[in-house]
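The structure appears right after this line, and notes come after that.
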Amino acid sequence: MNYDSQLIQKGFDYKHYREFIDSQLLEHKTTGNEVTTELINYTRLNVQRMKRLDKTAQINTEIVERLNQIKQHYTFLIITEGWCGDASQTTPVINKIAELSDGKISVRFILRDQNLEIMEGHLTNGSRSIPIVIILNQELKEVNSWGSRPKDLKVLVAEWLKDVQMTKDDRIEKVHAWYAKDKTQSTQKDFLEILSGLE
């Protein structure tokens, strides 16, 4: 997959991504090709989650120390949509990591349904699961990727999917309960591992 500066430039930074979602909600809309009342309600909940994490999430010392050792510039290209619950629980943390990088990491958000060619190159078990974070070096070559949720949670969700009695709503509730209990630690653990591989 080729990534170019035009793609990066058309992406949102975190502030403008948040503002765009807010503007969509004011028009009783959300991002993506499919707009339903359910997805709009998810988006509204996600805004509250992001606001909370913007205020409360604390980045671990190990990540800050690792950021100080990185010499090159990287772009974290995030594929997402406003209605995505996992994105609301992880992207504020990813943005905070970038903010602490002293300009060495830039975050750009692109919408999945407007960038299906890129999405198709990052499927999870054949599905267009989001968010996906594509780590690009200075030459805009992909050096790593992450998504669509923390590794520890992926294992649990795989188990929950085997439970035929568990409804989708039950599963969503369990996912967000897990995030609340985890307090961003698993996301940070995953990204410390990614940062450890960057020069």
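Things worth noting here:
- When the criteria are applied in full, residue 174 meets the requirement of being charged (D, E, K, R) and touching a helix residue (DSSP H, G or I) at 6+ places or on another chain (Cβ under 8 Å).
- Annotation: of all residues in region 29-47 being surrounded by 10 or more Cβ atoms within 10 Å (Cβ to Cβ), free of Cβ contacts under 8 Å to residues at least 40 places away in the same chain and of a type outside the set (D, E, K, R), the one that is nearest to residue 184 (Cα to Cα) is 41.
- Of all residues in region 157-176, exactly one satisfies the criterion of being in a loop (DSSP other than H, G, I, E, B), among the aliphatic types (A, V, I, L, M) and either touching a residue at least 12 places away in the same chain (Cβ under 8 Å) or loosely packed, with under 12 Cβ neighbours inside 10 Å (or both), namely 164.
- Scan of region 40-66 for residues that are assigned to a helix (DSSP H, G or I), over 19 Å from residue 19 (Cβ atoms) and out of contact with any helix residue (DSSP H, G or I) (no Cβ under 7 Å at 6 or more places or on another chain), ordered by number: 41, 56, 61, 64, 65
- Region 75-123, subset crowded, with 18+ Cβ neighbours inside 10 Å and of a type in the set (Lys, Arg), residue farthest from residue 190 (Cα to Cα): 112
A short reminder: the numbers here are calculations on the coordinates, not readings from a lab. Quick caveat: nothing in here was measured; it's all calculated off a predicted structure. Reconstructed Cβ throughout: ideal geometry from the backbone, glycine too, with neighbour counts over all protein chains shown.
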